[in-house]
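The values are calculated or read from the model by the stated rules, or taken from the named source; none is laboratory data. None of these values were measured; they are calculated from a predicted model. Positions of Cβ are generated from backbone atoms using ideal geometry, with glycine treated the same way; all protein chains shown enter the neighbour counts. In case anyone asks, the SASA skips ligands and DNA or RNA and just uses the protein heavy atoms, side chains included. Shrake-Rupley method; radii C 1.70, N 1.55, O 1.52, S 1.80 Å.
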Amino acid sequence: MALPVSLRNSITPPELELVASEELVEIIPLISIERTAFISGAYGPLRPPNKAKLPLWIAMNLKMKKKCHIVPPDWLSVDFLQNRLAQETSRPEFSEFPFRFAEIAKLLLDVASDDIQNSDKVRSLLKDIREARQAKSRDGLQKIDHSELGLPNLCSMEINEIRPFFVRAMGVLTHLTRDPEASSRRLDV
Amino acid sequence: MAGLPSGPAVPVEPIALDFGAAAAPETLFQQLVRHWLNERHAPDILPIQAEVLSALLDHIRRQTDTVQALRGDPDSSEAEHARIMLVQTEVERVKFVVRSYIRTRLYKIEKFARHIVATPEVQERLSQAELDHARRFAQLTESHFKVSVLQALPPHQQRLDDNTPFTPPMISEPDKSRAVFVHARDECPPVRLPDGTTMQMQKGQIVLTPYAVVEQLLAMGNVELV
């Protein structure tokens, strides 16, 4: 088959990670590399110890060979996340996060946890935030109807998580609202 | 354009020109990724992005050629190896997305082959190769059904395009009422919702709504599916 069944209705988390790893991060290189033309643009030159901005996948690749340190983004820190967790649990709406934060955080924690200060704490904060937000998306299901549901500040991984259920729920509601119209038309005749 | 200048002595090419277009901040690969995600999420088949694809395929070929040429050089340094490897890695990443994009389309083409053959406006969204495949696939399945089952049935049950009330149509069509998650890339013109009201999406807004509502916006590039 052209597309495996598991890929037909949704995108998979590894694919989202592939998309997210196009985003730029800052690194401190440990080797020097000339400026290089990639398909997505030219990056470099890398001259230790000057910082450089690169796509995340290059940074991860170099990190795995111990050829750079990754500077984690500002939002991947205990202070920021603690703040956001407080916001998330005290207010009804979703707080603001970079759209692909879940993927980027996971990739960075997997590959470069030694570059993140207090990475265990960061990890558990991310988990708490995730749970708080999941509870909110479940509540949001009450507001679903057949035409439209606004989801401000929802992030790509969260959307992917709720996709199958929400899409089906809306499909059922569409059927329910469409059928009375059709049957009432039949009654008119 | 030099994909990978062969050594420190050669002046380094700044930014690859075909991507340099400062007015368009989205690179070709980012465009392809966007169209790939749209294609994956949309229930209907979207217009083929022939220009993006062929430009990227050209670029892949150029990068591969440069890598081949450089790998032949026996006295390249360790840093040089790292560069070559990174360029190769990227080529593989781009190839992955290109393949997945084409396979997603192929899946939809085979699923809706008979609908495509019967509907000229869908045919416009396909490349020539895709259209040929759709035609051949539809013909193949039809003749298979005929030979294996249909010819043994009474004549009035032999048709493949019956439209009996209360049963699903025999030609499967994309379900445009399926809900999709939409992310507005710009301010959008207002669209009509199924309940009769209108919705105007602001930039950055994310909404779950039936595909039919945003079909036009998606075609114009105002929104993307996420």
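A few notes on this one:
- Selected residue (only one of B:Glu215, B:Glu173 is away from every other protein chain (no Cβ under 14 Å), within 24 Å of B:Thr104 (Cα to Cα) and touching a Ser or Thr at 6+ places or on another chain (Cβ under 9 Å)): B:Glu173
- Failed condition for A:Ile129, given (1) in contact with a Leu (Cβ under 6 Å, 6 or more places away or on another chain); (2) at pLDDT below 90; (3) among the hydrophobic types (A, V, I, L, M, F, W, C): (2)
- Subset of region A:1-57 that is of a type in the set (Ser, Thr, Tyr) and closer than 26 Å to B:Ile84 by Cβ - its residue that is modelled with the highest pLDDT: A:Ser21
- The residue pairs whose first member lies in region B:102-128 and is surrounded by 15 or more Cβ atoms within 10 Å (Cβ to Cβ), whose second member is of a type in the set (Lys, Arg), and whose beta carbons are closer than 6 Å, counting only pairs six or more residues apart or on different chains, are B:Thr104/B:Arg40; B:Val117/B:Arg135.
- All conditions in (1) in a loop (DSSP other than H, G, I, E, B); (2) surrounded by fewer than 20 Cβ atoms within 10 Å (Cβ to Cβ) hold for B:Gln216, with the sole exception of (1).
- Residues that are under 15 Å from the mean Cα position of the chain (by Cα), in a helix (DSSP H, G or I) and among the aliphatic types (A, V, I, L, M), drawn from region B:91-133: B:Val94, B:Val97, B:Val98, B:Ile102, B:Leu106, B:Ile109, B:Val122, B:Ala129, B:Leu131
- Some residue of region A:159-174 being open to solvent by 30 Å² or more (accessible area, probe 1.4 Å) and either among the hydroxyl-bearing types (Ser, Thr, Tyr) or free of Cβ contacts under 8 Å to residues at least 12 places away in the same chain (or both): yes
- Helices (runs of 4 or more DSSP H) (entirely within region B:1-88) containing at least 1 residues that are at pLDDT 80 or above, closer than 16 Å to B:Tyr101 by Cβ and open to solvent by less than 50 Å² (accessible area, probe 1.4 Å): B:28-41, B:50-71
- Residue count for region A:138-158 satisfying the condition of being within 27 Å of B:Arg192 (Cβ to Cβ) and open to solvent by less than 50 Å² (accessible area, probe 1.4 Å): 9.
- Lone qualifier among B:Lys95, B:Lys111 - being under 29 Å from A:Arg8 (Cα atoms), touching a Ser or Thr at 6+ places or on another chain (Cβ under 9 Å) and among the charged types (D, E, K, R): B:Lys111
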